[in-house]
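Input: a single structure, listed below in structure tokens.
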Amino acid sequence: QVQLVESGGGLVQAGGSLRLSCAASGRTFSTYAMGWFRQAPGKERDFVAAITWSGRSSYYADSVKGRFTISRDTAKNMLYLQMSSLKPEDTAVYFCVADPDGNYRSADAYELWGQGTQVTVSS
């Protein structure tokens, strides 16, 4: 059974930092691109960041560029999202995704999703 399990969410003040983790199991993910999406209440799931299977290239939404860093440890089947200078508008449920088929910035390209972890940034 393929599973993506996120952790590391929580409540943080504006300007603070959090590190999200995603543990992948049930399959070797070392050859898959992976990424993060987020969904705020009443809104659609938005692309946050993605990383290639090798980890050599990464891509970010304009809203998080310069503040968030995506990384992976293929030996451990782990994906990370280091979030700094957090803003109240970063408040959302963050989802780990893997193996896009099509546009990696589109939620429709992914069939593999974690259950999500809540990030709340207070002002």
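Taking a probe of 1.4 Å, how large is the accessible area per residue of the chain, in Å²? Kindly include the intermediate steps, with their values, before the conclusion.
On the way: 6400 Å² over 123 residues.
I get 52 Å² per residue for the chain.
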#### Entry: Point-to-point label distance, T120-S17, nm (Cα→Cβ direction, 7 Å offset)
2.4
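If I compute solvent accessible area with a 1.4 Å probe over the protein chains, what percent of it on the chain is carbon and sulfur? Before the final figure, lay out the partial values.
Working: 2830 of 6400 Å².
Carbon and sulfur atoms account for 44 percent of the accessible area of the chain.
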### Task
Per residue of region 100-116, in order, report the coupling 6.51 cos²θ - 1.76 cosθ + 1.60 (Karplus, θ = phi - 60°) as ³J(HN,Hα) in whole Hz, putting x for Gly and Pro.
x, 10, x, 5, 5, 8, 9, 4, 5, 7, 10, 9, 9, 10, x, 7, x
### Query
Cα extents of region 1-98 along the three principal axes, largest first, in whole Å?
36, 27, 22
### Query
Straight-line reach from K43: which aspartates and glutamates have a Cα under 17 Å away, not including same-chain ones fewer than 8 places off?
E89, D90, D108
### Whole-number percent relative contact order across the chain, with pairs defined as alpha carbons under 8 Å at least 6 apart
35
### Task
Return the distance in nm (one decimal) between the two label points of a simple spin-label model at S58 and E111, each offset 7 Å from Cα along Cα→Cβ.
2.8
### Task
Measure off 7 Å from each Cα along the Cα-to-Cβ vector at K76 and Q3, then give the distance between these two points in nanometres to one decimal.
1.8
### Query
List the lysines whose alpha-carbon lies under 16 Å from that of K87, not counting same-chain residues fewer than 8 positions away?
K65
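The values are calculated or read from the model by the stated rules, or taken from the named source; none is laboratory data. Bear in mind the structure is a predicted one, so any value in this text is a computation, not a measurement. So basically every Cβ, Gly included, is an ideal-geometry build from the backbone, and we count neighbours across all protein chains shown. Quick note on the areas: whole protein, heavy atoms, side chains included, nothing else; ligands and nucleic acids left out. Shrake-Rupley method; radii C 1.70, N 1.55, O 1.52, S 1.80 Å.
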